[in-house]
1. Among the listed residues K36, K58, K17, identify the single one that is closer than 29 Å to F109 by Cα and either surrounded by fewer than 22 Cβ atoms within 10 Å (Cβ to Cβ) or of a type in the set (V, I, T) (or both).
2. What tally of residues in the range 159-180 results from selecting those that are more than 18 Å from I120 (Cα to Cα), within 13 Å of the ligand (Cβ to nearest atom) and buried (at least 16 other Cβ atoms within 10 Å of the Cβ)?
3. May I ask you to list pairs of residues, at least six apart or on different chains, whose Cβ atoms are under 6 Å apart, with the first in the range 1-23 being within 16 Å of I61 (Cα to Cα) and of a type outside the set (D, E) and the second being assigned to a loop (DSSP other than H, G, I, E, B) and at pLDDT 95 or above?
4. Of the residues L223, L244, which is in a loop (DSSP other than H, G, I, E, B) and crowded, with 16+ Cβ neighbours inside 10 Å?
5. Could you please give the count of residues in the range 181-213 that are within 13 Å of the ligand (Cβ to nearest atom) and either closer than 23 Å to G5 by Cβ or not in a loop (DSSP other than H, G, I, E, B) (or both)?
6. Select from the range 226-241 the residues that are acidic (D, E) and buried (at least 16 other Cβ atoms within 10 Å of the Cβ) and list them in ascending order.
7. Restrict the check to the range 127-134 and report whether at least one residue is without any contact (Cβ under 8 Å) to a residue 60 or more places away in the chain and part of a helix (DSSP H, G or I).
8. Inspect the range 50-69 for any residue being in contact with a helix residue (DSSP H, G or I) (Cβ under 6 Å, 6 or more places away or on another chain) and either closer than 30 Å to L246 by Cα or within 13 Å of the ligand (Cβ to nearest atom) (or both) and give the result as yes or no.
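The values are calculated or read from the model by the stated rules, or taken from the named source; none is laboratory data. On a predicted model such as this, the values are computed, not experimentally measured, just so you know. Quick reminder, even Gly has a Cβ in these numbers, built from the backbone with ideal geometry, and neighbours come from all protein chains shown.
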Amino acid sequence: MIVIGELINGMYKDVGKAIVNKEADVIQHLAVDQVKAGATVLDVNTGPYSKNQKDDMKWLIETIQGVVQVPLALDSTKADVIEEGLKLVTKRAIINSTNADDAKMQTIFTLAKKYNTQVIGLAMDKSGVPNSKDKRLELAATIVAKAIEFDIATDDLFLDPIVLPVNVAQTQGTEVLESIREFRLLCDPSPNTTIGLSNVSQGTKFRSLVNRTFLAMAIANGLTSAILDPLDKELMDAMITAELILNKAIYCDSFLEAYRKK
Ligand code: THG
């Protein structure tokens, strides 16, 4: 699994404050801690409190790259904010994200070619997140077709079916799980798949339990990456165990420790 650490996101109050006040140590601790805990990529999102998203994105990237050398997933709905970030990254980045709207895909895939990035494609369009797996598949196929037009390798795509909170959208869990399985069959080489895992538990009780249960189910359906909180140890243990059961690692009694060593 490609683990994309979600914690550098201005949506978190403490992080939002750290961005506004330029508290580099807060961001750098989150970067180091997430990588130590097993994140292989870090999501970077300036969040809703940012007054100047371009400057804040640049500051976040420079601050993070001062302490860790991992690829970054630049998370913004604004292409100009993403491009400012792409000018600074030292590792091959992931653009988070495009959707299936033609104009958006044109803009994002043009950037992806120019800066040689990978791209997260959301299975949604102007009319929002679909309710059915069939519509999600149709939108994902639209994204794959456009990527191929741009000569982007299909395994440089991360297709995201969009996870919704289980307390308000309870029918969507199975639609998302089946979408993950079906997205893998859209092209060869198979696209990667990803989810914003913590979305599933927003507003619920037992958040960590809801997250790790959903993650194990998604991994069983072929999920190849997730945006998640790597500091949640039980979540990471569930991920490692799910992959073990799927025979992606060889069993030994110290399988948790063995995973963490590599
Ligand atoms: N798909 C893609 N990218 C994404 C998402 C997705 N990026 C953003 C988001 N969804 C994934 N990241 C988060 C980060 C935090 C939370 C959920 C998803 C979260 N935050 C607390 C909350 O809202 O309850 C914040 C609490 C606080 O203020 O401290 O749950 O789906 N491609």
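1. K58
2. 4
3. These pairs meet every condition: G5/A39; G5/P230; G10/T46; G16/G10; I19/G10.
4. Exactly one of L223, L244 is in a loop (DSSP other than H, G, I, E, B) and crowded, with 16+ Cβ neighbours inside 10 Å, namely L223.
5. Total satisfying the criteria: 17.
6. D229, D232
7. Within the range 127-134, one or more residues are without any contact (Cβ under 8 Å) to a residue 60 or more places away in the chain and part of a helix (DSSP H, G or I).
8. No.
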